[in-house]
Amino acid sequence: VQLQASGGGLVQAGGSLRLSCAASGRTFSNNAMAWFRQAPGKEREYVAGVGAIGYSIDYTDSVKGRFTISRDDAKNTVYLQMNSLKPEDTAVYYCAGAIVPEVPSRSAFEYETWGQGTQVTVSS
């Protein structure tokens, strides 16, 4: 089972990026998925989570109104659309899969499968 994150890059403040997380090895349609990020010298931070169909979506306060998480189960892919990016959004972004269908919590310990990370850099 693998999660492959992509879509990171360098963007100016106010710009947009869309991250993708493609799963292979098995379907994740019955599993909650989430994005986390980790800036240099800081702990890994929860960004957003999406449950299986019929379950909720959750965002950390700092990205509400700017980021949108979504999933396409036909493609076994989760997305993170990031708009109005700020320098403080600079981090390595990781996608993660939980073993339950509803977003379990904002703790990284609740997620069992992780992608390799993609770098997002926002310049001021």
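The values are calculated or read from the model by the stated rules, or taken from the named source; none is laboratory data. Since the structure is predicted, the reported quantities are computational estimates derived from the model, not experimental observations. Every residue, glycine among them, receives a Cβ derived from its backbone with ideal geometry; neighbour counts consider all protein chains shown. Calculation scope for accessible area: heavy atoms of the full protein, side chains included, ligands and nucleic acids excluded. Shrake-Rupley method; radii C 1.70, N 1.55, O 1.52, S 1.80 Å.
At q = 0.13, 0.17 Å⁻¹, work out log10 I(q)/I(0) for the chain with the Debye formula, treating every Cα as an identical point scatterer and leaving solvent out; two decimals please.
These q points yield log10 I(q)/I(0) values of -0.44, -0.77.
With every protein chain kept in place and ligands, DNA and RNA left out, what is the accessible area per residue of segment 1-109? Probe 1.4 Å, answer in Å².
Working: 5400 Å² over 109 residues.
In whole numbers, segment 1-109 has 50 Å² accessible per residue.
Can you tell me what percent of all Cα-Cα pairs in segment 52-112 are more than 17 Å apart? Write out the running numbers ahead of the final one.
Details: 845 of 1830 pairs.
Of all Cα-Cα pairs in segment 52-112, 46 percent lie more than 17 Å apart.
Return a whole-number percent for the relative contact order of segment 11-85, with Cα pairs under 8 Å and 6 or more residues apart as the contact set.
Computed over segment 11-85, the figure is 41 percent.
Could I have the simple spin-label model distance between LYS86 and TYR55, label points 7 Å from Cα toward Cβ, reported in nm to one decimal?
Here the modelled spin labels are 2.9 nm apart.
Using Cα positions and a limit of under 19 Å, work out the lysines in reach of LYS64, with same-chain residues fewer than 8 apart set aside.
Within the straight-line limit of under 19 Å, LYS64 reaches these lysines: LYS86.
Within the accessible area of the chain, what % is carbon and sulfur when the probe is 1.4 Å and the other protein chains stay in place? Please report the intermediate quantities before stating the final value.
Values: 3000 of 6160 Å².
In the chain, the share of accessible area belonging to carbon and sulfur is 49 percent.
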